[in-house]
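Right, one structure below, let's go through it.
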Amino acid sequence: MLNHLGSPGRPVRVVFVNIDGVIVPDCGNLVPDLTRRAIAGARARGIKVVLTSDRPVAGTLPVGEQLRLGRGDAFIASRGAVTAEFTGSGRRPFVMVDEPRVFDPKSAFVVAMAAYPEVRMAIEEPGKGWWVNHVFEPGLLTGRQMRVRNEKRLWDTPVTRAAVHAEGIVALLPEIAAAGVTTRAVGADMVDIVGAAVSTAGAAEALRMKWGIPHQDTAAIGSQVDDTPLLTQVRHAAVLDDAADEVKDLADVIVPPLDLQGAATFLDSLTLSTRPLLTESLPTRPRAR
């Protein structure tokens with residue numbers, strides 16, 4: 001139980017919950033009833049529940065709407081480039097909490113275009129979708145795609161996120177990264193790009209400090225290798241049982257996989273952690289640091 005990991009009786013005040021593979025399937029939006037109730041219960045106890053995702057803002061909003069998140073409920077999207085707050089309003093569904101972490105994509109695009117003249121390029125407009133020079137195949141970008149008339153429009157202002165797509169372009173990953181950006185391969189044919197040093201863990205730490213929450217009152221749940229910096233950073237880390245061993249090694253507690261709604265198990269334990277007497281429902285384990 002969480003109280004056994006930190007100071008006796010000390011509650012968790014914020015929990016960072018990765019969306020994909022934890023509360024919904026990858027690219028899905030439907031949160032199971034049990035998990036929805038667990039999130040509502042944690043919030044009712046005064047615990048801040050922060051959704052995190054590699055998805056762009058447009059892909060994160062439907063999950064927050066389903067959970068009825070609103071003012072005071074923050075989320076981190078686009079691999080840490082955007083920290084925002086739900087509003088509960090259909091007209092303006094989010095507001096920025098911090099300045100977006102933007103970068104100039106031109107250098108990365110120039111590298112890609114030199115090697116792949118027909119490369120497809122995209123930039124995110126948070127909450128709206130993607131501006132592209134050519135439409136990407138279905139499933140590669142989450143959200144609406146809007147074509148620009150002049151591809152120079154793609155680098156005339158700083159952006160939160162960009163992507164390049166061409167057959168085998170992942171082989172160019174080191175050269176694109178050398179343009180001063182943070183890159184990630186998406187299969188063999190797409191490179192996802194954010195600014196230098198941008199990460200979900202960094203955004204989560206900035207949010208914790210903004211709220212004045214001590215480190216020992218933080219928790220997170222994840223299941224993917226990309227979650228490891230955040231899991232290492234928080235005081236209480238939970239990982240789904242079907243995660244890779246290198247991720248599970250970072251966990252204080254292992255919970256059931258997504259299909260058994262393990263996130264609900266963990267969130268319920270956090271809700272209960274404000275009570276003076278706890279049952280041993282979640283056995284703890286030492287984790288690698």
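The values are calculated or read from the model by the stated rules, or taken from the named source; none is laboratory data. Everything numeric in this text was worked out from a predicted model, so none of it was measured. Every residue, glycine as well, gets a Cβ built from its backbone with ideal geometry; the counts of neighbours run over all protein chains shown.
Can you report the number of residues in the range 225-237 which are in contact with a strand residue (DSSP E or B) (Cβ under 7 Å, 6 or more places away or on another chain) and either in contact (Cβ under 8 Å) with a residue 40 or more places away in the chain or not assigned by TED's automatic domain parsing to the domain that holds Val15 (or both)? Reasoning before the result, please.
At the first step, the residues of the range 225-237 found to be in contact with a strand residue (DSSP E or B) (Cβ under 7 Å, 6 or more places away or on another chain) are 227, 230-231, 234-237.
The next check asks that each one be either in contact (Cβ under 8 Å) with a residue 40 or more places away in the chain or not assigned by TED's automatic domain parsing to the domain that holds Val15 (or both); those that pass are 227, 230, 234-237.
Residues that pass the stated criteria total 6.
The residues on offer are Ser223, Ser269, and the sole one that is at pLDDT below 90 and under 25 Å from Asp33 (Cα atoms) is Ser269.
Within the range 78-115, the residues that satisfy the criterion of being touching a residue at least 40 places away in the same chain (Cβ under 8 Å) and among the charged types (D, E, K, R) are Arg79, Asp98, Arg101, Asp104, Lys106. Checking each residue in the range 153-170 for being in a helix (DSSP H, G or I) and surrounded by 14 or more Cβ atoms within 10 Å (Cβ to Cβ) picks out Leu154, Trp155, Ile169, Val170.
Applying the condition of being modelled with pLDDT of 95 or more and among the polar types (S, T, N, Q) to the range 110-149 and asking which residue is nearest to Cys27 (Cα to Cα) yields Gln145.
Scoring Leu240 on the criteria (1) closer than 20 Å to Ile39 by Cβ; (2) surrounded by fewer than 23 Cβ atoms within 10 Å (Cβ to Cβ); (3) touching a Pro at 6+ places or on another chain (Cβ under 7 Å) leaves a single failure, condition (2). Step by step: first the residues of the range 202-233, then only those that are more than 15 Å from the chain's Cα centre (by Cα) and not in a helix (DSSP H, G or I), then the one that is surrounded by the fewest Cβ atoms within 10 Å (Cβ to Cβ). Which residue is that? The selected residue is Gly212. Screening Ala179 on (1) over 24 Å from Val82 (Cβ atoms); (2) touching a helix residue (DSSP H, G or I) at 6+ places or on another chain (Cβ under 9 Å); (3) not polar (S, T, N, Q) shows it passes everything except condition (1).
In the list Arg45, Arg79, Arg91, Arg71, which residue meets the criterion of being crowded, with 21+ Cβ neighbours inside 10 Å, basic (Lys, Arg) and either modelled with pLDDT under 95 or under 22 Å from Ile123 (Cβ atoms) (or both)? Break it down stepwise before answering.
Values: Arg45 fails: crowded, with 21+ Cβ neighbours inside 10 Å; Arg91 fails: crowded, with 21+ Cβ neighbours inside 10 Å; Arg71 fails: crowded, with 21+ Cβ neighbours inside 10 Å.
The unique qualifying residue is Arg79.
Of all residues in the range 116-152, those satisfying the criterion of being in contact (Cβ under 8 Å) with a residue 40 or more places away in the chain and surrounded by fewer than 16 Cβ atoms within 10 Å (Cβ to Cβ) are Glu118, Lys128, Gly139, Arg144. Only one of (1) touching a helix residue (DSSP H, G or I) at 6+ places or on another chain (Cβ under 6 Å); (2) closer than 27 Å to Asp104 by Cα; (3) surrounded by 19 or more Cβ atoms within 10 Å (Cβ to Cβ); (4) not charged (D, E, K, R) fails for Gly195. Which number is that? With respect to (1) touching a helix residue (DSSP H, G or I) at 6+ places or on another chain (Cβ under 6 Å); (2) closer than 27 Å to Asp104 by Cα; (3) surrounded by 19 or more Cβ atoms within 10 Å (Cβ to Cβ); (4) not charged (D, E, K, R), Gly195 is out only on (1). Here Val24 fulfils each of the conditions (1) within 19 Å of the chain's Cα centre (by Cα); (2) at pLDDT 95 or above; (3) aliphatic (A, V, I, L, M) apart from (2). Scanning the range 72-102 for residues that are out of contact with any Asp or Glu (no Cβ under 7 Å at 6 or more places or on another chain) and of a type in the set (Lys, Arg) gives Arg91, Arg92, Arg101.
Residues in the range 9-30 that are over 18 Å from Arg235 (Cβ atoms) and surrounded by 22 or more Cβ atoms within 10 Å (Cβ to Cβ): Ile19, Asp20, Val22, Ile23.
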